[in-house]
Structures are given as structure tokens and as C-alpha cells.
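Below you'll find the structure, written out as C-alpha cells, and then a few comments.
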Amino acid sequence: MSSTATIISVGAMVMLANFCFSFRGLQQKLFRSTPQGNSTVFDDLNLQYRMQYIGVSVFIMPTLIYEGPAAFSKLWLLFNTSGIIQNRLLYRYVGISIINGFAFAGYNLASTFTLSRISVVHHAALNCVRRIFAIVVTSIAFGVPITFVGAIGIFISFLSFLSYTRLKMKQK
């Protein structure tokens with residue numbers, strides 16, 4: 001795939017992910033406004049569990065069908081060539097996966113809790129700042145230089161958040 005096609009496909013995937021994230025937030029707000037979704041009846045932990053369960057239920061079969069054979073063949077090759085258990089690679093992977101799972105669950109619970117208390121638009125704006133923070137921190141942690149264009153994107157995103165916050169404050 002050419003670099004232009006890659007950029008377009010990655011851009012489309014990011015836009016789709018953002019659309020789905022916003023749609024989830026909107027649906028959560030709509031659900032919370034119903035008698036069944038009231039936080040006294042359906043707490044944030046159960047709401048998050050149900051959302052994750054539905055997500056896994058919907059995507060587990062397509063993932064296993066499309067990615068399973070390649071993943072299992074690479075795992076088998078790793079097992080036979082480098083001794084995935086003998087060199088403790090499997091244990092390190094499982095350990096990192098567990099830490100990642102707790103971090104992901106914690107982030108989603110915090111997001112669900114926050115969304116229950118603010119508007120969907122404000123939540124999306126805060127999520128933009130979270131992404132800026134994640135980009136900067138991972139760039140520093142993994143030693144990935146931020147390009148000039150990347151720095152401009154970070155600056156524009158942060159300036160947009162500040163503009164939104166300022167306009168929101170003026171409206172009150």
C-alpha cells in the first residue's frame with residue numbers, strides 16, 4: 001500500500017474511532033435519561049461491564065475469523081523457535097496484558113463516571129486533551145521525536161480546547 005493510501009486509511013480509521021466514541025457517549029447519556037438507566041438503578045460499573053460485554057460479543061468472532069489463523073500460526077512459530085515459555089516471554093506478555101487491562105478498565109470507568117456528570121460535547125473536548133497528553137507522554141517515554149507538523153497539530157488541538165472552554169465560560 002502506498003504512503004498516501006496508508007495515510008488516508010489511518011485517517012479514516014481514526015475518524016471512525018472518534019465517531020464511535022462520541023456515539024457511545026451520546027447513547028450513554030440517552031440511556032441515563034431513561035428510568036432504567038438511572039444511576040441509582042444501574043451504576044457506572046455495571047454499565048461499563050455491559051458495554052464491554054456487548055463489544056466483545058460483537059467483535060470476537062470476526063476477529064478470530066480474520067486474524068486468528070495468522071495470530072495462532074505466529075504464536076506457534078514463536079513457541080517452536082524461541083521457546084516462548086522457557087525465555088519467560090509468555091509470562092511477560094501476560095503480565096503486561098493484565099496491567100493494560102486494568103488501565104483500560106480504569107480509564108473507561110473514569111470516562112463513564114465523568115460522562116454521567118457533564119455534557120457529551122464537554123466530554124469530547126476533555127478527551128481531546130487526554131489524547132494530546134497521551135501523544136506527548138508516549139513520545140517522551142518511547143523516544144519518538146515530535147515533528148514540526150505534529151507539534152502544530154498538538155498546538156492547534158490544545159488551542160481549540162482552550163477556545164471551547166473560554167466560550168463555554170462566557171455563555172454561563
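Each residue in the stretch 1-45 was checked for being part of a helix (DSSP H, G or I) and surrounded by 12 or more Cβ atoms within 10 Å (Cβ to Cβ), and 14 of them qualify.
Only a single item in (1) at pLDDT below 85; (2) farther than 28 Å from VAL120 by Cβ; (3) open to solvent by 60 Å² or more (accessible area, probe 1.4 Å) is not met by SER73, and it is number (1).
Looking at PHE104, PHE133, PHE158, PHE113, just one residue is within 30 Å of PHE31 (Cβ to Cβ), open to solvent by 70 Å² or more (accessible area, probe 1.4 Å), touching a helix residue (DSSP H, G or I) at 6+ places or on another chain (Cβ under 7 Å) and of a type outside the set (Asp, Glu), and that residue is PHE113.
Candidates ILE140, ILE99: the one that is within 21 Å of GLN48 (Cβ to Cβ), in a helix (DSSP H, G or I) and open to solvent by 90 Å² or more (accessible area, probe 1.4 Å) is ILE99.
The values are calculated or read from the model by the stated rules, or taken from the named source; none is laboratory data. None of these values were measured; they are calculated from a predicted model. Positions of Cβ are generated from backbone atoms using ideal geometry, with glycine treated the same way; all protein chains shown enter the neighbour counts. Note: areas computed on protein heavy atoms with side chains; ligands, DNA, RNA excluded. Shrake-Rupley method; radii C 1.70, N 1.55, O 1.52, S 1.80 Å.
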